[in-house]
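Novice: Dropping the structure in here first, questions after.
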Ligand SMILES: Cc1cc2nc3c(=O)[nH]c(=O)nc-3n(C[C@H](O)[C@H](O)[C@H](O)COP(=O)(O)OP(=O)(O)OC[C@H]3O[C@@H](n4cnc5c(N)ncnc54)[C@H](O)[C@@H]3O)c2cc1C
């Protein structure tokens, strides 16, 4: 296994549980890949940006169970929003059957006008009625689809943009409408629990210790600081992986669970030329995410998290509260407070200096959290992930590779491989499970790891079935 991110870990644990002896090679000194945490020079432990899961991420939930980390993810049923004036709105499921379960809190959502809500309601109903697959979306951007659905500027800016840019790490004008529509169908319309936000109550790096144990228990090994330079092939069959330090490791099979650009550097250059297996990878673009970490000298925020409307900052996470023990009844107070801000598709921030970004974010925090105006900012850190995720632009699916390759004994995993999901932890775990299934199949010992999607409920169940029947 090359790569100890979520894709590699999910695959390695699934294989180890099936009795396979896995040797996992990770070039960094820690596991988790992009979804990890590390210690800053001043001793603070920070996530490589806040990572959240949703109720509809069934494979990630299964992975956390296998890794023994299930109890370290806390789910929240209520979503909190703040507009430029600091006015709060909340969204939560009611007892109504899906897709109507969110309707009561949506009707009361203060940040949207009547015309915005009518337009949004119509578009959401069109998605649900089509079982999540409205017609004529191929090659269409989300923004074009929203215009086609006659969405008001308020609806686009204060609703669709707020949810989708952070879910898919891309601007609406560059996002495949099918990915955007899928987010609403799976998270907000299909079932009552799909939208629930799951947030780790510990730094991300603490979620993966169980993976190491699962691998080692079966006689395998986790090797950190092991930088694979080359994947060697002979007559179109995997033979070995060679490390930076000259070590050569042979195995019956290899799963490369590295980002797509890293894979390009490991395999023979001819494979990236026209007609080669990797030729399409150069078309996969990436988009940035910027995380801003602020430590205040006092408590400035009460909610566990807030989504911001009309701001550059998209989310504020109250890390002090999120890390507080579960018995704190949501009211844990400390003398100071640690907040983590997230800006997805942060193209505008990439060229800006760290201090400019901190100043901008501080101003925005003060707008929505008045207590921050009097507070002292004790320290701040900016983490720019310039190539955070692959961009879900129209047509990207044609470049995503399957987990099984034409090379004997070589399999692929990674959020960018063909899963049907965008670049998320769920997508990474799905790819890992699919790669594990393909590997075992090649050994003549087929097994299934991929978990079913959350069951559709209410009217959505009926509409989903009808659409499936008419498609098949
Ligand atoms: C800032 C940020 C915020 C995000 N927020 C969310 C979120 O809230 N929710 C969500 O679901 N997803 C989020 N994501 C996406 C999520 O992190 C990724 O989709 C997922 O972690 C990808 O996992 P992976 O295993 O496919 O790739 P990676 O995590 O990139 O793992 C690949 C691993 O391969 C290793 N590697 C690379 N080259 C070599 C080599 N030569 N030899 C050995 N090892 C090598 C790398 O060090 C790495 O550990 C976010 C991503 C970023 C960057």
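The values are calculated or read from the model by the stated rules, or taken from the named source; none is laboratory data. Treat the numbers as computed from the prediction; the structure is a model and nothing was measured. As a convention, Cβ positions derive from the backbone with ideal geometry for all residues, glycine included, and neighbour counts pool all protein chains shown.
Novice: Mind telling me which of the residues 423, 455 ends up being modelled with pLDDT of 95 or more and either outside any loop (DSSP other than H, G, I, E, B) or within 11 Å of the ligand (Cβ to nearest atom) (or both)?
Specialist: Values: 455 fails: either outside any loop (DSSP other than H, G, I, E, B) or within 11 Å of the ligand (Cβ to nearest atom) (or both).
After ruling out the rest, the residue left standing is 423.
Novice: Would you say residue 45 is over 30 Å from residue 128 (Cα atoms), within 25 Å of the chain's Cα centre (by Cα) and within 11 Å of the ligand (Cβ to nearest atom)?
Specialist: Answer is no for this residue.
Novice: Being more than 18 Å from residue 203 (Cβ to Cβ) and touching a strand residue (DSSP E or B) at 6+ places or on another chain (Cβ under 6 Å) is the filter here; which residues of region 1-22 pass it? Working first, answer last.
Specialist: Here is the first cut: in region 1-22, the ones more than 18 Å from residue 203 (Cβ to Cβ) are 1-3, 7-8, 10-22.
Scanning region 1-22 gives 1, 2, 11, 12.
This table checks each residue for (1) within 16 Å of the ligand (Cβ to nearest atom); (2) under 30 Å from residue 436 (Cα atoms).
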{"site": "258", "(1), (2)": "yes, yes"}
{"site": "293", "(1), (2)": "yes, no"}
{"site": "303", "(1), (2)": "no, no"}
{"site": "308", "(1), (2)": "yes, no"}
{"site": "316", "(1), (2)": "yes, no"}
{"site": "345", "(1), (2)": "yes, no"}
{"site": "359", "(1), (2)": "no, no"}
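Novice: Considering region 408-465 alone, what residues qualify as being on the phi > 0 side of the Ramachandran plot and surrounded by 24 or more Cβ atoms within 10 Å (Cβ to Cβ)?
Specialist: Narrowing region 408-465 to residues on the phi > 0 side of the Ramachandran plot: 409, 414, 420, 444, 458.
Result: 414, single match.
Novice: Look through 67, 111, 119 and report the one residue that is buried (at least 18 other Cβ atoms within 10 Å of the Cβ), modelled with pLDDT under 95 and touching a helix residue (DSSP H, G or I) at 6+ places or on another chain (Cβ under 6 Å). Before the answer, list the steps.
Specialist: Working: 67 fails: modelled with pLDDT under 95; 119 fails: modelled with pLDDT under 95.
Of 67, 111, 119, the one residue that is buried (at least 18 other Cβ atoms within 10 Å of the Cβ), modelled with pLDDT under 95 and touching a helix residue (DSSP H, G or I) at 6+ places or on another chain (Cβ under 6 Å) is 111.
The rows are residues; the columns are (1) part of a strand (DSSP E or B); (2) touching a strand residue (DSSP E or B) at 6+ places or on another chain (Cβ under 9 Å); (3) surrounded by fewer than 21 Cβ atoms within 10 Å (Cβ to Cβ).
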{"position": "24", "(1), (2), (3)": "yes, yes, no"}
{"position": "29", "(1), (2), (3)": "no, yes, yes"}
{"position": "34", "(1), (2), (3)": "no, yes, yes"}
{"position": "42", "(1), (2), (3)": "no, yes, yes"}
{"position": "56", "(1), (2), (3)": "no, no, no"}
{"position": "59", "(1), (2), (3)": "no, no, no"}
{"position": "63", "(1), (2), (3)": "no, no, no"}
{"position": "75", "(1), (2), (3)": "yes, yes, yes"}
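Novice: Of the numbered conditions (1) at positive phi; (2) crowded, with 20+ Cβ neighbours inside 10 Å, residue 305 satisfies every one except a single condition; which is it?
Specialist: Checking residue 305 against (1) at positive phi; (2) crowded, with 20+ Cβ neighbours inside 10 Å, the one that fails is (1).
Novice: Could you check region 242-256 and list, in sequence order, the residues that are exposed (fewer than 15 other Cβ atoms within 10 Å of the Cβ) and either within 15 Å of the ligand (Cβ to nearest atom) or at pLDDT below 95 (or both)?
Specialist: Matches in region 242-256: 244, 245, 246, 247, 248.
Novice: Then there is this: Tell me which of these residue 272 doesn't satisfy, since it passes every other one: (1) more than 11 Å from the ligand (Cβ to nearest atom); (2) in contact with a strand residue (DSSP E or B) (Cβ under 6 Å, 6 or more places away or on another chain).
Specialist: It fails just one condition, (2).
Novice: Can you report the number of residues in region 427-472 which are under 16 Å from residue 184 (Cα atoms) and in contact with a strand residue (DSSP E or B) (Cβ under 9 Å, 6 or more places away or on another chain)?
Specialist: The qualifying residues number 0.
Residue-wise test of (1) farther than 22 Å from residue 306 by Cβ; (2) within 26 Å of the chain's Cα centre (by Cα).
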site	(1), (2)
65	yes, yes
71	yes, yes
74	no, yes
82	no, yes
85	no, no
107	no, no
114	yes, no
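Novice: I'm checking my understanding of the structure. Among residues of region 2-22 that are assigned to a loop (DSSP other than H, G, I, E, B) and in contact with a helix residue (DSSP H, G or I) (Cβ under 7 Å, 6 or more places away or on another chain), which one is farthest from the ligand (Cβ to nearest atom)? Quick ask: steps written out before the conclusion?
Specialist: Kept after step one, since they are assigned to a loop (DSSP other than H, G, I, E, B), are these residues of region 2-22: 3-4, 18-22.
From the residues that got through so far, the ones that are in contact with a helix residue (DSSP H, G or I) (Cβ under 7 Å, 6 or more places away or on another chain) too are 18, 22.
On the way: 18: 20, 22: 14 Å.
It comes out as 18.
Novice: Among the residues of region 171-182, write down those that are in contact with a helix residue (DSSP H, G or I) (Cβ under 8 Å, 6 or more places away or on another chain) and in contact (Cβ under 8 Å) with a residue 40 or more places away in the chain.
Specialist: 171, 175, 176, 177, 179, 181
Novice: Continuing with this model, one more query. All but one of (1) out of contact with any strand residue (DSSP E or B) (no Cβ under 9 Å at 6 or more places or on another chain); (2) on the phi < 0 side of the Ramachandran plot; (3) at pLDDT 95 or above hold for residue 334, so report the exception by its number.
Specialist: Only one criterion in (1) out of contact with any strand residue (DSSP E or B) (no Cβ under 9 Å at 6 or more places or on another chain); (2) on the phi < 0 side of the Ramachandran plot; (3) at pLDDT 95 or above is unmet by residue 334, namely (3).
Novice: Same structure again: Suppose we filter 378, 385 for residues that are in contact (Cβ under 8 Å) with a residue 40 or more places away in the chain, surrounded by fewer than 23 Cβ atoms within 10 Å (Cβ to Cβ), within 12 Å of the ligand (Cβ to nearest atom) and more than 17 Å from residue 183 (Cβ to Cβ); which single one remains? So that I can check it myself, show each step before the final result.
Specialist: Numbers: 378 fails: within 12 Å of the ligand (Cβ to nearest atom).
None of the others qualify; the one that does is 385.
Novice: From the set of residues in region 200-231 that are surrounded by fewer than 18 Cβ atoms within 10 Å (Cβ to Cβ) and in contact with a strand residue (DSSP E or B) (Cβ under 8 Å, 6 or more places away or on another chain), which is farthest from residue 39 (Cα to Cα)?
Specialist: In this case the residue turns out to be 230.
Novice: Taking only region 90-108 into account, find how many residues are in a loop (DSSP other than H, G, I, E, B) and either at pLDDT 95 or above or on the phi > 0 side of the Ramachandran plot (or both). Break it down into steps so the answer makes sense when it comes.
Specialist: Here is the first cut: in region 90-108, the residues in a loop (DSSP other than H, G, I, E, B) are 92-102, 108.
From what's left, either at pLDDT 95 or above or on the phi > 0 side of the Ramachandran plot (or both): 92-102.
Residues that pass the stated criteria total 11.
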